[in-house]
Amino acid sequence: MWYESDGLAVGMYLVMEVRTKPKVDQGTKRKAAARDGKRTKGGEEHTATYFVQQSVAQWYDAVGSHRHFHYGIQSSQLGREKQKLRNRGFEEATSADQANELHEDCRKYFIVLDKDTARHELASITVVNDVYGDPDLAAVAKSIPMAALARMVFLKEGANKKAKGKKKDPRGNRRFDIGHSNSKMMNYDVIDGMALPQRMVEASHYDGVGNDKNLEDTMFKAGCALMKMSDLVQERHGRKDMYIAGPVFRDAERNKHFGNRWACDLGHHDLVQWARFDGSSLFGAGETSECRFFHLAL
């Protein structure tokens, strides 16, 4: 996932609440969670919180991020959020090594990952803040038309109105999704007789950047660039003892039916090796008087 701003970086944080499956009876855990006032999801327990300070350009990869609650806060809210966690028995980790030890001991913890540290490598998340300081990462990052995509999110005509029946974002931001949607299992072309997710088409109705056919085309190429960055990060900095090790999204059969097929349908046969994702999203993540942040996510 990716952040970019059109001004000076300010004190904003991505908050990710990590949830793991309990190692004891789930019914007991749910009762305990209800008693303690904690939100649960499918019997999972809130075991860690990462406060990721946002930098001008930032890459991060989190294990199972689709399962975790994540949202943004301003720096003025950080102290209050940390105290809430302390009141619930969470320990504050002051280093990645300490956080990893707490993780291995199955103890609840939280940690602030500042933007001035080049890289953070934890059990469930890797954060790279010096994207433009690494020549290879910078070359890939600069191939993504971030400024043009930001305009699509914040300045596109009709951004504050309903589009194709969808409600507007309360913050006035647009959201674009591409790829396959589980909400429409009507694709019988991949495997004969089996209903699989269809590709979303809304983004294909918007102009792409430069000579791209449409916005889906632009976002797909940007998604492949993110995957290239992921491969570079894992190749150079991936930790063998961590859950995030080696290339991500390595299910060859799944990629064959979705990402690889998608690349060929769009005419990007040269990008097949990086088309290891089912979909991608582009959306606003917040706005202040000084800058605006948005995500490009896989």
**Study point:** helices (runs of 4 or more DSSP H) fully within segment 59-159 counting 1 or more residues that are among the basic types (K, R) and modelled with pLDDT under 85
**Key:** 146-154
Review point. Looking at (1) open to solvent by less than 30 Å² (accessible area, probe 1.4 Å); (2) modelled with pLDDT of 85 or more, which is the one condition that is false for H269?
Key: (1)
Review point. Is there a residue being modelled with pLDDT under 85, part of a loop (DSSP other than H, G, I, E, B) and buried (at least 18 other Cβ atoms within 10 Å of the Cβ) anywhere in segment 250-263?
Key: yes
Check your understanding: Counting only residues that are at pLDDT 65 or above and acidic (D, E), which one in segment 28-58 is farthest from T117 (Cα to Cα)?
Key -> E44
Check your understanding: What do you reckon, is D114 within 23 Å of the chain's Cα centre (by Cα), open to solvent by 20 Å² or more (accessible area, probe 1.4 Å) and under 30 Å from K221 (Cβ atoms)?
Key -> no
Review point. Which residues, counting only those in segment 168-182, are modelled with pLDDT of 55 or more and either part of a loop (DSSP other than H, G, I, E, B) or surrounded by fewer than 15 Cβ atoms within 10 Å (Cβ to Cβ) (or both)?
Key: G172, N173, R174, N182
Revision key, fill the gap. Taking segment 197-249 and the residues there that are among the basic types (K, R) and assigned to a helix (DSSP H, G or I), the one that is modelled with the lowest pLDDT would be R236
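The values are calculated or read from the model by the stated rules, or taken from the named source; none is laboratory data. Note that the structure is a prediction, hence the values are computed from the model and not measured. No Cβ is skipped: glycine too gets one built from the backbone with ideal geometry, and neighbour counts run over all protein chains shown. Please note that ligands, DNA and RNA were not included when accessible areas were found on the heavy atoms of the full protein model with its side chains. Shrake-Rupley method; radii C 1.70, N 1.55, O 1.52, S 1.80 Å.
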